[in-house]
Amino acid sequence: MQQDNSEDLGEVESILHDIIGVNQSSVAARRVIVEVSDCIVKRGGRLAGAGIAGILQKMENDSKGLILGRRTVVAMDGGLYENYPQYRSYMVEAMAELLGPRDMEHIVVEHTKDGSGIGAALLAAANSKYAAA
């Protein structure tokens with residue numbers, strides 16, 4: 001709905017009708033729906049960004065300064081990150097606010113497919129290495 005840039009927000013009207021069952025809506029009501037949707041997406045993206053920033057700061061503290069200031073890749077999986085550009089934008093914006101521009105210029109957020117499976121495989125490999133030692 002947020003990507004509907006038409007004058008009458010026709011795509012929003014279609015979604016309201018087809019999915020929610022609303023038979024009639026004014027353009028003003030559809031604008032409110034778009035604004036509320038944006039608030040929800042912004043909150044979710046910023047919460048995710050704050051969580052990632054917190055994890056990076058914790059890793060920085062635990063490693064005594066070996067994380068931030070160096071190229072760091074954050075792998076993201078999921079439909080929201082993959083298909084929702086506003087969500088990605090809000091998430092990265094929050095990370096930049098919390099980490100600062102100097103540290104953020106070294107952080108790359110990349111989409112990865114099957115991140116859960118890859119993470120589980122890496123964890124299993126790491127555990128099997130330590131178990132053998």
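Think of the stretch 10-122 as having a plus end and a minus end, set by charges on the Cβ of Lys, Arg, Asp and Glu; of 91, 78, 17, 91 sits farthest toward the positive end of this dipole.
For the stretch 1-86, trypsin sites (Lys or Arg not before Pro) meeting the loop criterion (DSSP other than H, G, I, E, B) and having at most 14 other Cβ atoms within 10 Å: 64, 70, 71.
Cross-link partners among aspartates and glutamates for residue 113, C-alpha distance below 19 Å, same-chain residues fewer than 8 apart left out? Cα-Cα hits under 19 Å: 77, 82. Take every pair of alpha-carbon atoms less than 8 Å apart whose residues are at least six positions apart; their mean separation over the length of the chain yields a relative contact order of 24 percent. Normalised per residue, the accessible area of the chain is 66 Å², obtained with a 1.4 Å probe and no contribution from ligands, DNA or RNA. Other residues within the sphere of radius under 15 Å centred on the Cβ of residue 32, judged by their own Cβ, net out at -3 (K and R +1, D and E -1).
Couplings 3J(HN,Hα) of the stretch 48-64, computed from phi: 5, x, 5, x, 5, 4, x, 5, 5, 5, 5, 4, 4, 5, 5, 8, 6 Hz, in residue order, whole Hz [Karplus 6.51 cos²θ - 1.76 cosθ + 1.60, θ = phi - 60°; x for Gly and Pro].
The values are calculated or read from the model by the stated rules, or taken from the named source; none is laboratory data. Only a predicted model underlies this, so the values are computations on that prediction, with no experimental measurement involved. All Cβ positions, glycine included, derive from the backbone under ideal geometry; neighbour counts span all protein chains shown. The accessibility values were calculated without ligands, DNA or RNA, using every heavy atom of the protein model including side chains. Shrake-Rupley method; radii C 1.70, N 1.55, O 1.52, S 1.80 Å.
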